[in-house]
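First comes the structure, then the notes that go with it.
The values are calculated or read from the model by the stated rules, or taken from the named source; none is laboratory data. All figures in this text were calculated on a predicted structure; none of them were measured in a lab. Here the Cβ positions follow ideal geometry from the backbone for every residue, glycine too, while neighbour counts run over all protein chains shown. Side chains are part of the model used for accessible areas, which takes the heavy atoms of the whole protein and leaves out ligands, DNA and RNA. Shrake-Rupley method; radii C 1.70, N 1.55, O 1.52, S 1.80 Å.
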Amino acid sequence: GAVVSQHPSRVICKSGTSVKIECRSLDFQATTMFWYRQFPKKSLMLMATSNEGSKATYEQGVEKDKFLINHASLTLSTLTVTSAHPEDSSFYICSARGAGGDSYNEQFFGPGTRLTVL
Amino acid sequence: QKEVEQNSGPLSVPEGAIASLNCTYSDRGSQSFFWYRQYSGKSPELIMSIYSNGDKEDGRFTAQLNKASQYVSLLIRDSQPSDSATYLCAWSFDTGRRALTFGSGTRLQVQP
(Lines give C-alpha, C1' and ligand atoms only; values in the text may rest on other atoms or scores of the structure.)
Protein backbone atom coordinates (compact mmCIF):
# COMPACT_ATOMS: atom_id res chain seq x y z
CA GLY A 1 0.00 0.00 0.00
CA ALA A 2 0.82 3.73 0.09
CA VAL A 3 1.89 4.02 -3.51
CA VAL A 4 2.31 7.45 -5.04
CA SER A 5 2.84 7.96 -8.74
CA GLN A 6 4.14 10.99 -10.56
CA HIS A 7 4.02 11.92 -14.22
CA PRO A 8 6.02 12.70 -16.23
CA SER A 9 9.25 11.30 -14.86
CA ARG A 10 11.36 13.55 -17.02
CA VAL A 11 10.66 16.62 -19.08
CA ILE A 12 12.81 18.90 -21.17
CA CYS A 13 11.27 22.16 -22.31
CA LYS A 14 12.19 25.50 -23.78
CA SER A 15 12.43 28.61 -21.66
CA GLY A 16 9.07 30.38 -21.35
CA THR A 17 6.87 27.31 -21.62
CA SER A 18 4.69 25.87 -18.86
CA VAL A 19 5.02 22.37 -17.51
CA LYS A 20 2.39 20.40 -15.59
CA ILE A 21 3.36 17.61 -13.20
CA GLU A 22 0.78 15.18 -11.83
CA CYS A 23 0.92 13.41 -8.49
CA ARG A 24 -1.48 10.58 -7.69
CA SER A 25 -2.05 8.46 -4.62
CA LEU A 26 -2.91 5.06 -6.08
CA ASP A 27 -4.25 3.06 -3.18
CA PHE A 28 -5.38 5.58 -0.61
CA GLN A 29 -7.04 8.97 -0.38
CA ALA A 30 -4.78 11.87 0.46
CA THR A 31 -6.37 15.05 1.73
CA THR A 32 -2.92 16.58 1.95
CA MET A 33 -0.06 16.29 -0.49
CA PHE A 34 3.27 18.06 -0.42
CA TRP A 35 5.53 19.35 -3.18
CA TYR A 36 9.29 19.41 -2.73
CA ARG A 37 12.18 20.53 -4.89
CA GLN A 38 15.67 19.12 -4.75
CA PHE A 39 18.77 20.59 -6.37
CA PRO A 40 21.83 18.39 -7.02
CA LYS A 41 23.56 17.21 -3.85
CA LYS A 42 21.09 19.18 -1.71
CA SER A 43 18.30 18.07 0.56
CA LEU A 44 14.61 18.31 -0.16
CA MET A 45 13.03 21.71 0.30
CA LEU A 46 9.32 21.97 0.88
CA MET A 47 7.67 24.22 -1.67
CA ALA A 48 4.01 24.00 -0.75
CA THR A 49 1.30 22.00 0.93
CA SER A 50 -1.55 20.97 -1.35
CA ASN A 51 -4.95 20.73 0.31
CA GLU A 52 -7.87 18.99 -1.36
CA GLY A 53 -10.61 21.45 -2.14
CA SER A 54 -8.77 24.54 -0.95
CA LYS A 55 -5.85 26.76 -1.80
CA ALA A 56 -2.31 25.52 -1.40
CA THR A 57 -0.08 26.81 1.37
CA TYR A 58 3.23 28.05 0.02
CA GLU A 59 6.53 28.23 1.86
CA GLN A 60 8.30 31.52 2.23
CA GLY A 61 10.11 32.50 -0.93
CA VAL A 62 8.09 30.26 -3.25
CA GLU A 63 6.14 32.26 -5.85
CA LYS A 64 2.56 31.05 -5.89
CA ASP A 65 1.90 32.61 -9.31
CA LYS A 66 4.83 30.73 -10.80
CA PHE A 67 4.17 27.37 -9.17
CA LEU A 68 0.45 26.75 -9.53
CA ILE A 69 -0.93 23.92 -7.42
CA ASN A 70 -4.32 22.32 -7.83
CA HIS A 71 -5.67 19.53 -5.65
CA ALA A 72 -8.83 18.63 -7.48
CA SER A 73 -9.56 15.29 -5.85
CA LEU A 74 -8.45 13.12 -2.97
CA THR A 75 -6.06 11.26 -5.22
CA LEU A 76 -4.66 13.92 -7.54
CA SER A 77 -2.56 17.04 -7.10
CA THR A 78 -0.90 18.94 -9.93
CA LEU A 79 2.01 21.37 -9.98
CA THR A 80 2.32 23.68 -12.97
CA VAL A 81 5.58 25.53 -13.46
CA THR A 82 4.58 28.58 -15.47
CA SER A 83 6.95 30.39 -17.82
CA ALA A 84 9.77 28.08 -16.86
CA HIS A 85 13.34 29.34 -16.92
CA PRO A 86 16.66 27.51 -16.66
CA GLU A 87 16.90 28.26 -12.93
CA ASP A 88 13.69 26.24 -12.45
CA SER A 89 15.53 23.12 -13.59
CA SER A 90 15.37 20.74 -10.66
CA PHE A 91 14.02 17.46 -9.33
CA TYR A 92 10.39 17.94 -8.24
CA ILE A 93 8.97 15.37 -5.87
CA CYS A 94 5.49 15.05 -4.43
CA SER A 95 4.46 13.16 -1.33
CA ALA A 96 1.22 12.12 0.30
CA ARG A 97 0.55 11.44 3.94
CA GLY A 98 -0.67 8.05 5.08
CA ALA A 99 -4.35 7.35 5.38
CA GLY A 100 -4.61 6.56 9.06
CA GLY A 101 -3.46 4.58 12.05
CA ASP A 102 0.28 4.37 12.60
CA SER A 103 0.92 5.61 9.07
CA TYR A 104 -0.96 8.85 9.52
CA ASN A 105 2.22 10.88 10.07
CA GLU A 106 4.25 9.01 7.48
CA GLN A 107 4.77 10.52 4.06
CA PHE A 108 5.24 8.47 0.93
CA PHE A 109 6.99 9.96 -2.03
CA GLY A 110 6.35 9.78 -5.72
CA PRO A 111 9.25 8.83 -7.99
CA GLY A 112 9.95 12.46 -8.86
CA THR A 113 10.03 14.54 -12.03
CA ARG A 114 13.30 15.82 -13.41
CA LEU A 115 12.70 19.12 -15.16
CA THR A 116 15.29 20.58 -17.50
CA VAL A 117 14.61 24.01 -18.96
CA LEU A 118 16.77 24.93 -21.92
CA GLN B 1 20.79 27.45 13.34
CA LYS B 2 19.67 24.61 11.11
CA GLU B 3 16.62 22.79 12.38
CA VAL B 4 18.03 19.35 11.58
CA GLU B 5 21.76 18.61 11.58
CA GLN B 6 23.35 15.62 9.92
CA ASN B 7 26.93 14.80 9.11
CA SER B 8 27.14 14.83 5.32
CA GLY B 9 29.71 12.06 5.22
CA PRO B 10 30.58 10.02 3.36
CA LEU B 11 30.44 7.40 6.05
CA SER B 12 32.34 4.37 4.86
CA VAL B 13 31.87 0.97 6.49
CA PRO B 14 32.93 -2.53 5.41
CA GLU B 15 30.33 -5.04 4.32
CA GLY B 16 28.82 -6.83 7.31
CA ALA B 17 29.59 -4.04 9.77
CA ILE B 18 27.16 -1.84 11.66
CA ALA B 19 26.56 1.59 10.19
CA SER B 20 25.54 4.29 12.65
CA LEU B 21 23.85 7.45 11.38
CA ASN B 22 23.01 10.36 13.64
CA CYS B 23 20.79 13.38 13.52
CA THR B 24 20.21 16.24 15.96
CA TYR B 25 17.33 18.66 15.93
CA SER B 26 16.59 21.97 17.56
CA ASP B 27 12.84 22.19 18.05
CA ARG B 28 11.32 20.85 21.26
CA GLY B 29 7.74 20.54 20.06
CA SER B 30 5.73 17.34 19.90
CA GLN B 31 7.21 15.57 16.94
CA SER B 32 7.47 12.47 14.86
CA PHE B 33 10.77 11.36 13.34
CA PHE B 34 11.55 9.52 10.16
CA TRP B 35 14.49 8.01 8.34
CA TYR B 36 14.44 7.96 4.55
CA ARG B 37 16.87 6.36 2.14
CA GLN B 38 17.56 8.03 -1.19
CA TYR B 39 19.50 6.46 -4.02
CA SER B 40 21.11 8.78 -6.52
CA GLY B 41 18.56 10.17 -8.96
CA LYS B 42 15.64 8.60 -7.11
CA SER B 43 13.07 9.89 -4.64
CA PRO B 44 13.24 9.16 -0.89
CA GLU B 45 12.01 5.84 0.44
CA LEU B 46 10.69 5.58 3.99
CA ILE B 47 12.72 3.20 6.15
CA MET B 48 11.57 3.86 9.71
CA SER B 49 9.31 6.09 11.70
CA ILE B 50 9.70 6.62 15.44
CA TYR B 51 7.48 8.62 17.73
CA SER B 52 8.55 7.91 21.30
CA ASN B 53 11.81 7.64 23.23
CA GLY B 54 13.74 4.41 22.97
CA ASP B 55 14.56 1.92 20.26
CA LYS B 56 12.47 0.63 17.39
CA GLU B 57 13.69 -2.33 15.38
CA ASP B 58 12.67 -3.45 11.91
CA GLY B 59 14.81 -6.14 10.34
CA ARG B 60 18.38 -4.91 10.05
CA PHE B 61 17.38 -1.36 10.97
CA THR B 62 17.08 0.12 14.47
CA ALA B 63 15.97 3.67 15.09
CA GLN B 64 16.78 5.32 18.40
CA LEU B 65 15.14 8.46 19.72
CA ASN B 66 16.18 10.57 22.69
CA LYS B 67 13.96 13.61 22.98
CA ALA B 68 15.74 14.98 26.06
CA SER B 69 19.03 15.09 24.16
CA GLN B 70 17.30 15.97 20.90
CA TYR B 71 18.86 13.31 18.74
CA VAL B 72 17.66 10.45 16.61
CA SER B 73 19.87 7.76 15.14
CA LEU B 74 19.66 4.86 12.73
CA LEU B 75 21.70 1.68 13.03
CA ILE B 76 22.06 -0.63 10.07
CA ARG B 77 23.29 -4.09 11.01
CA ASP B 78 25.08 -6.40 8.59
CA SER B 79 25.55 -3.56 6.11
CA GLN B 80 25.37 -4.54 2.45
CA PRO B 81 26.72 -2.74 -0.62
CA SER B 82 23.07 -2.21 -1.63
CA ASP B 83 22.66 -0.05 1.50
CA SER B 84 24.98 2.52 -0.08
CA ALA B 85 22.80 5.61 -0.43
CA THR B 86 22.07 8.95 1.19
CA TYR B 87 20.09 8.68 4.42
CA LEU B 88 17.84 11.58 5.31
CA CYS B 89 16.40 12.17 8.73
CA ALA B 90 13.23 14.21 8.95
CA TRP B 91 10.71 15.34 11.50
CA SER B 92 7.23 16.74 11.54
CA PHE B 93 4.93 18.12 14.19
CA ASP B 94 2.17 15.82 15.33
CA THR B 95 -0.46 18.44 14.63
CA GLY B 96 -1.25 20.85 11.85
CA ARG B 97 0.09 20.29 8.37
CA ARG B 98 2.65 17.74 9.51
CA ALA B 99 5.03 18.86 6.76
CA LEU B 100 8.45 17.23 6.88
CA THR B 101 11.65 19.11 7.64
CA PHE B 102 14.65 17.26 6.26
CA GLY B 103 18.26 17.13 7.27
CA SER B 104 20.88 17.50 4.57
CA GLY B 105 21.51 13.76 4.51
CA THR B 106 24.44 11.45 5.24
CA ARG B 107 26.00 9.56 2.38
CA LEU B 108 26.76 5.96 3.32
CA GLN B 109 29.23 3.83 1.41
CA VAL B 110 29.39 0.12 2.19
CA GLN B 111 32.63 -1.35 0.92
CA PRO B 112 32.40 -4.94 -0.40
Flagged in region A:24-52 as touching a strand residue (DSSP E or B) at 6+ places or on another chain (Cβ under 7 Å), part of a loop (DSSP other than H, G, I, E, B) and among the aromatic types (Phe, Trp, Tyr), in numbering order, are A:PHE39
Could you pull out every one of the strands (runs of 3 or more DSSP E) wholly within chain B that has 1 or more residues that are among the charged types (D, E, K, R)?
B:4-6, B:31-38, B:45-50, B:54-58, B:106-111
Can we say A:SER43 is within 30 Å of B:GLY9 (Cα to Cα), free of Cβ contacts under 8 Å to residues at least 24 places away in the same chain and surrounded by 12 or more Cβ atoms within 10 Å (Cβ to Cβ)?
yes
Any residue in region A:89-99 that is in a loop (DSSP other than H, G, I, E, B), out of contact with any His (no Cβ under 9 Å at 6 or more places or on another chain), more than 10 Å from chain B (Cβ to nearest Cβ) and under 23 Å from B:MET48 (Cβ atoms)?
yes
Restricting region A:26-44 to residues that are in contact with a Ser or Thr (Cβ under 7 Å, 6 or more places away or on another chain) and more than 14 Å from chain B (Cβ to nearest Cβ), which is modelled with the highest pLDDT?
A:LEU26
Taking the criterion of being over 22 Å from A:PHE109 (Cα atoms) and over 14 Å from the mean Cα position of the chain (by Cα), would at least one residue in region B:34-53 satisfy it?
yes
Do we find that B:SER82 is modelled with pLDDT of 95 or more and of a type in the set (S, T, N, Q) in this structure?
yes
Residue that is at pLDDT 95 or above and in contact with a Pro (Cβ under 6 Å, 6 or more places away or on another chain), where the choices are B:GLU57, B:GLU15
B:GLU15
Exactly one condition in (1) more than 13 Å from chain B (Cβ to nearest Cβ); (2) open to solvent by 20 Å² or more (accessible area, probe 1.4 Å); (3) of a type in the set (Gly, Ala, Ser); (4) not in a loop (DSSP other than H, G, I, E, B) is not met by A:SER77; state its number.
(2)
Considering residues that are more than 19 Å from B:ALA85 (Cβ to Cβ) and either within 12 Å of chain A (Cβ to nearest Cβ) or open to solvent by 70 Å² or more (accessible area, probe 1.4 Å) (or both), the number found within region B:5-49 is 5
Can you find even one residue in region B:81-101 that is closer than 29 Å to A:SER5 by Cβ, open to solvent by 50 Å² or more (accessible area, probe 1.4 Å), within 11 Å of chain A (Cβ to nearest Cβ) and β-branched (Val, Ile, Thr)?
yes
